[in-house]
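These notes are about the structure you will find just below.
Derivation of every value follows stated rules applied to the coordinates shown; laboratory data play no part. Worth saying up front: this structure is predicted, and the values here are computed from it rather than measured. Using ideal geometry, Cβ is built from the backbone for each residue, glycine included, and neighbour counts are taken over all protein chains shown.
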Amino acid sequence: APQVAADVLDVYQVKPPKTDGYTINDHPHLLNTGISKLFEALRRQVIALDPCVTEEFLKLYVAYKAETNFVDVVPQAKRLRLSLNMRFPEIYDPKGICKDVTNIGRWGNGDVEIGLERLEDLPYVMGLIRQAFEKQMGNG
């Protein structure tokens, strides 16, 4: 049988989600029907980016990580506020929906903020999230 290094195997092992004691139930806005459908669609696509992506529910937001956080989701009453962990000048955003939050105190990591309110915007937003993921993985 072929030999595979332990560190390579570790990348592809299914890891239990880290909870630190927090779950989806600690985010009341995610229990709202409209926002929960949007969040479920978003989380499925973010997790599908790569086998190394993990989801972690924290007190104030939900973190998606590869090596470190590449997108954080802050559930709000009528939208999901996304923070992309990259510098604002590095994002390619032809529609101009990203907001520069450099040096502004916010929950989440990164200088790029996006408000996601509608399922129809998810494909475009996933393109922006992919940029943050690729940047972290050294492909951006």
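Annotations
- Label zone at residue 119 (point 7 Å along Cα-to-Cβ), backbone N below 18 Å, region 72-88: 78-80
- Taking 0.36 nm per residue of separation and subtracting the Cα-Cα distance, full extension of the segment from residue 23 to residue 134 would add 37.3 nm.
- For mean projected area of the Cα convex hull in nm², calculated from these coordinates, the label among [x] 9.8; [y] 11.5; [z] 8.5: [x]
- Directionally averaged projected area (convex hull, Cα atoms, region 59-140), nm²: 5.4 nm²
- Residue 90 sits among other residues whose Cβ lies under 12 Å from its own Cβ, and their net charge, with Lys and Arg +1 and Asp and Glu -1, is -2.
- Two-decimal ratio, region 19-72, of alpha-carbon radius of gyration to 2.2 N^0.38 Å: 1.11
- Rounded FRET efficiency, nearest 0.05, which uses the C-beta distance separating residue 5 from residue 40 and R0 of 30 Å: 0.25
- C-alpha long axis of helix 33-47 to longest principal axis of the chain, angle in °: 30 degrees
- For residue 30, the shell of other residues with beta-carbons less than 13 Å away shows a net charge of +2, using +1 for Lys and Arg and -1 for Asp and Glu.
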